[in-house]
Amino acid sequence: MKIFVVNAGSSSLKYQLIDMDNESVLAKGLCERIGVTGAISHKSADGREYKAETPMPTHSEAFEAVVYAMMKSEAKVIDSFEEISAIGHRIVQGGAIFKGSCLVNDKVIEQISELGAMAPLHNPAHVIAIKACTETFGKKIPQVVVFDTSFHQTMPPKAYMYALPYDYYKRLDVRKYGAHGTSHHFVSDRVALLENKDKKDIKIITCHLGNGCSITAIKDGACVDTSMGFTPLDGFMMGTRSGSLDPSALTYIAEKDNLSAADINRICNKESGMLGISGVSNDNRDIAAAAESGNSRAALAIEMQRYQILKFIGSYIAAMNGVDAIAFTGGIGENDPELREYVCDNLKYMGVEIDREANKCRGKEVKISTAASGVDVFVIPTNEELAIARDTLSIISK
Ligand code: ADP
């Protein structure tokens, strides 16, 4: 059984075709510059490649290019799209409406569209992609939506409410929703499996550290708190996002420099974080190289990032009254032994003991704590596409 996983942005479209019989990726690819020019790069599991520049005025032409790549190109992997059993879409914002994944119908499309007010860069693109998929693949192939937010829907009100006048919650749905839920779900399931325990019996902290970063506390098998908030801007500093800060600093800057709400949004989302502090890049590798050659702002960015991550983990240990396992994932979490060592060394008081040799790993699933450690620490490569495919399969099997 083959599942087609779609991750659509406003001008891009990432996809994977996954064979669920053995959960292997048959092909993956990316369409870029949709609405501007259009280009596809597609790769089959056995290493064949297809690349083309082709006009993509809308997502429909992008899906047509994907169909060509999968069925006709030199990197083809299927003969007909009837081989595809279902399509799974990643959706960024499911608000308080979607507590789990579900089949697409007209009402669901309308609700995702309405939630676009809270995710203007993402939800409208997802709706366009769902409709373009129906156009390209027809109505016979079921489509499932999997939300970045739904794993966090188990948070109690004391964790998701903001201490603003209550009216903003009631009238405008302003509260914490979190993000990266698919990844936190996948990684925490993996931790439970590696621990050989029921998820209900362990307290887990999952750290998804990539360009976007979030940390989640999981207790009794469910998310009890997460660092991202109303939008993915909240939490701790990321590639280009500021993370949380005193809102008065923003109103002060806006007044001093005569900036609009949109300006502030842009500054906090695109010009802050590791990029804003280092002035070098949003990429940790560039920043580490700059710090090594003596750039003090790059060194400060790294110091701040590690400190903020440590503080979040500490706060979630307090929130859960302990922790049994900590997992690192995402480009940084999987590839930065020094960051992991810093965090673990600062949790020594809790009995965390890191195995320095094991911690040298990059991009592999490894237990990096010693046998004597009071808390198990893992590196677990995330796989959001597989998680979406699994959810899609489970929904269509019902
Ligand atoms: P996204 O959130 O866009 O999916 P990723 O999970 O790919 O991002 O993470 C990107 C971050 O991971 C970058 O800051 C990058 O420097 C870092 N990263 C990726 N590979 C490595 C590596 N081998 N060593 C150190 N950092 C890495």
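Values for this structure:
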| quantity | calculated |
| --- | --- |
| Some residue of segment 344-360 being of a type in the set (S, T, Y), within 30 Å of A159 (Cβ to Cβ) and touching a Pro at 6+ places or on another chain (Cβ under 7 Å) | no |
| Subset of segment 197-211 [more than 16 Å from the ligand (Cβ to nearest atom), outside any loop (DSSP other than H, G, I, E, B) and of a type in the set (A, V, I, L, M)] | I204, I205 |
| Condition met for I309 (of a type in the set (A, V, I, L, M, F, W, C), closer than 22 Å to G212 by Cβ and either touching a Leu at 6+ places or on another chain (Cβ under 8 Å) or touching a residue at least 40 places away in the same chain (Cβ under 8 Å) (or both)) | yes |
| Residues satisfying the stated conditions in segment 84-107, i.e. of a type in the set (A, V, I, L, M, F, W, C) and assigned to a loop (DSSP other than H, G, I, E, B) | V92, A96, I97, F98, V104 |
| Long-range neighbours under 7 Å by Cβ, at least six apart or interchain, first residue acidic (D, E) within segment 360-373, second within 16 Å of the ligand (Cβ to nearest atom) | E365/V379; E365/I380; E365/P381 |
| Inter-residue pairs, beta-carbon under 7 Å, first modelled with pLDDT of 95 or more and in segment 275-290, second aromatic (F, W, Y), 6+ apart | none |
| Residues of segment 330-358 that turn out to be among the hydrophobic types (A, V, I, L, M, F, W, C), within 19 Å of M304 (Cα to Cα), in a helix (DSSP H, G or I) and away from the ligand (no atom under 16 Å from the Cβ), as a count | 1 |
| Elements of type strands (runs of 3 or more DSSP E) contained in segment 1-75, each with 3 or more residues being over 23 Å from T182 (Cβ atoms) | 39-44, 49-53 |
| Subset tally (residues that are of a type outside the set (S, T, Y) and under 15 Å from H42 (Cβ atoms)) for segment 10-29 | 10 |
| Matching residues in segment 265-308 - criterion: being more than 19 Å from I253 (Cβ to Cβ), part of a loop (DSSP other than H, G, I, E, B), of a type outside the set (D, E, K, R) and within 16 Å of the ligand (Cβ to nearest atom) | V280, S281, N282, N295 |
| Number of the exception - A52 against (1) buried (at least 16 other Cβ atoms within 10 Å of the Cβ); (2) in contact with a Phe, Trp or Tyr (Cβ under 9 Å, 6 or more places away or on another chain); (3) not hydroxyl-bearing (S, T, Y) | (1) |
| Helices (runs of 4 or more DSSP H) wholly inside segment 128-195 containing at least 1 residues that are touching a residue at least 60 places away in the same chain (Cβ under 8 Å) and surrounded by fewer than 20 Cβ atoms within 10 Å (Cβ to Cβ) | 157-160, 181-195 |
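The values are calculated or read from the model by the stated rules, or taken from the named source; none is laboratory data. The shown structure was predicted, so the numbers you read here are calculated from the model rather than taken from an experiment. Backbone-built Cβ (ideal geometry, glycine too); neighbour counts: all protein chains shown.
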